[in-house]
Amino acid sequence: MKHYQTASLVGAILVALVGCQNILPTQTSTPKLIINSSDDAQISQQLAKQALASRLSYDIVESLTVEVGPRLAGTEKDIVAVEWAMEKLWLMGFDKVYKESVQVPAWSRGTAYASVVSPYEQPLMVTALGGSIATPVNGIQAPIVRFESLEELTHASPARIEGKIVFIDHKTERHITGKGYGESVGGRSRGAIAAAEKGAVAIVIRSIGTDHDRMAHTGMMRYQEDVPKIPAAAMSNPDADLINAMLKRDPKVVLSLNMTSENQGIATSYNVIAEVTGSSKPDEIVLIGAHLDSWDEGTGAIDDGAGVAIVTTAAKLIQDLPQKPARTIRVVLFAAEEVGIVGAKAYAEQHADELDKHYIAAESDFGAGPVYKIDFNVNPATYEQVKQEHSAMTLFGVEMGNNEASGGPDVSIMPALGVPVASLRQDGTDYFDYHHTPNDTLDKIDPKKLAQSAAAYAQFAYMMAQSEIDLRPLKQKEQQH
Ligand SMILES: [Zn+2]
């Protein structure tokens, strides 16, 4: 397909889209190309078409959810997942497949029961938050004290809280970007510390979720060394509504809580890594990641079996190209993201001496797609070039966003280490209906949307492995997260 000679990318895409071998593109106001040849544009289009036509991404997440299922970090199933990934990647024919050990916290959920004792006896649907301690064997019985948010709790007087069960009632707003989660999740992660500092005996939060199902959303919570540890649980959204209705009738609502969760020390897990070796710059790395671990109550389909499937499929399509791109594509399936991005921190330490060779990193950890926008965090001086290059090579009308990306949870620590990142934004409208619940199962995944995300990652990874734009240094931020 060499019927045009100028580097007319618009033309190249036109040719690719209509699939016609003989038209000469009309000269338009073509964006000035920095590096990518029209061949790259064609290969990128071809990768996307293959991804869209392929069932590979769905097959991968189906295999992981059926053959492994829940895989909480530090459990036996976590190791089964590592073995699954090693074998799967090996059979897919990647140039390199290896694993690197990570020390992860092990925790057992146990059982969690809660009920309203007065004014109206009723059972509640609750689940332990990850990392929580147990209640005493006979449970805890105490009146609740309600707060709109973590913010309100932090400003409250200890006199209101002492001896009570703190109830944080923060509703999570539905949004395509998932921003409601960012606003409410502090109550889950830091609520136990804030409550215990003021003398609470336990904390039960409204689930950080957008659904109205009678199930609770788990997720990680933290303790602080110098603050007493109290049991922490989440209740379903309808149960939080029920509590509110009771509080309207009687300001004194007494709960009973009984939990047997347990922290079990440290266990070994692994980051699992596969590579497509670059042809001319093999030591330079385009990292596309996802996390292999999941919470224990669902089968880890959308969080993050989907991400595992998306990045693995993208890399596999590039692996199978007749001509490998310049840089190495490295797929990293991170260990123990859910329990504190533990695998990612280990990766950054173990690869400290080659982080300057990481050209860019991105992680898929926001469900099963589709991708609708790409944000970057690259050298501000070259961002416009990156934008132009990428928008020209993307098949789906994926929007170009801003230069403020975090890159996804596991790679969010990389910008502070100088590594450019990108966030391929996936539609998260429904994500927090299922996230961290027993309802995170395969049926929530639409194979076509999943394939679209795989296509977007394939195009992104390929383009980044070929690009000659200098993505460093990143802009200096006062606070890089
Ligand atoms: Zn996740």
Report task. Report the label-to-label distance for Glu162 and Glu384 in nanometres (one decimal), using points 7 Å from each Cα along the Cα→Cβ vector. Result -> 6.3
Query raised in the report: Tell me, what HN-Hα J-couplings in whole Hz come from the Karplus equation 6.51 cos²θ - 1.76 cosθ + 1.60 at θ = phi - 60° for each residue of segment 442-450, using x for Gly and Pro?
Result: 4, 4, 7, 9, 8, x, 5, 5, 4
Requested in this report: For helix 237-249, report the angle its Cα long axis makes with the longest principal axis of the Cα atoms of the chain; keep it between 0 and 90° and round to the nearest 10°.
Outcome: 40
Query raised in the report: List the trypsin sites (Lys or Arg not before Pro) in segment 234-301 that DSSP assigns to loop (not H, G, I, E or B) and whose Cβ has at most 15 other Cβ atoms within 10 Å. Which are they?
Result: Lys252
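Using a probe of 1.4 angstrom, how much of the accessible area of the chain is carbon and sulfur, in percent?
51
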**Report entry** Listed residue pairs exceeding 25 Å between alpha carbons, taken from Lys96/Lys444; Lys96/Lys448; Lys345/Lys448; Lys373/Lys448; Lys99/Lys357
**Finding:** Lys96/Lys444; Lys96/Lys448; Lys345/Lys448
Requested in this report: Calculate how steeply helix 38-53 sits against the longest principal axis of the alpha-carbon atoms of the chain, using the helix alpha-carbon long axis, and give the answer as 0 to 90 degrees to the nearest 10.
Outcome: 50
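Using 0.36 nm per residue, how much length does the chain from Asn138 to Gln103 gain when fully extended, once their Cα-Cα distance is taken away? Display every interim value, and only then the final one.
On the way: separation 35, 0.36 × 35 = 12.60 nm, distance 3.32 nm.
Answer, rounded to one decimal: 9.3 nm.
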Query raised in the report: Tell me, what HN-Hα J-couplings in whole Hz come from the Karplus equation 6.51 cos²θ - 1.76 cosθ + 1.60 at θ = phi - 60° for each residue of segment 408-415, using x for Gly and Pro?
Result: x, x, 6, 9, 5, 7, 6, x
Report task. With a 1.4 Å probe and every protein chain left in place, work out the accessible area per residue of segment 110-260 in Å², rounded to a whole number. Result -> 44
Query - Principal axis dimensions, largest first and in whole angstrom, of the chain by Cα - result: 80, 42, 41
Query raised in the report: Using modelled backbone amide H atoms (1.01 Å from N, in-plane), which distant-in-sequence or interchain residues come within less than 5 Å of Val102's amide H?
Result: Ser269, Tyr270, Asn271
Query - Theoretical gain in end-to-end length, Ser115 to Asn402 [0.36 nm per residue, Cα-Cα removed] - result: 98.7 nm
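So between Asp283 and Lys475, what do we pick up on full extension, going 0.36 nm a residue minus the alpha carbon distance?
On the way: separation 192, 0.36 × 192 = 69.12 nm, distance 2.44 nm.
Answer, rounded to one decimal: 66.7 nm.
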Query - Kirkwood Rh (inverse of mean 1/r, distinct Cα pairs), segment 110-260, angstrom - result: 15.0
**Report entry** Label-point separation in nm, Leu355 to Leu417, each point 7 Å along Cα→Cβ
**Finding:** 0.5
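Placing +1 at every Lys and Arg Cβ and -1 at every Asp and Glu Cβ, with all other atoms neutral, what dipole size does segment 110-260 have around its Cα centre, in debye to the nearest 20?
On the way: 16 positive and 16 negative charges, 13 e Å.
Dipole size: approximately 60 debye.
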**Report entry** Segments 77-86, 217-226, 403-412, 329-338 sorted - mean Cβ within 10 Å per residue, highest first
**Finding:** 329-338, 403-412, 77-86, 217-226
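Nearest 0.05, what FRET efficiency do Ile176 and Glu151 give at R0 = 22 Å with Cβ-Cβ as r?
0.35
The values are calculated or read from the model by the stated rules, or taken from the named source; none is laboratory data. Only a predicted model underlies this, so the values are computations on that prediction, with no experimental measurement involved. Glycine gets a Cβ as well: all are built from the backbone with ideal geometry, and neighbour counts include every protein chain shown. The accessibility values were calculated without ligands, DNA or RNA, using every heavy atom of the protein model including side chains. Shrake-Rupley method; radii C 1.70, N 1.55, O 1.52, S 1.80 Å.
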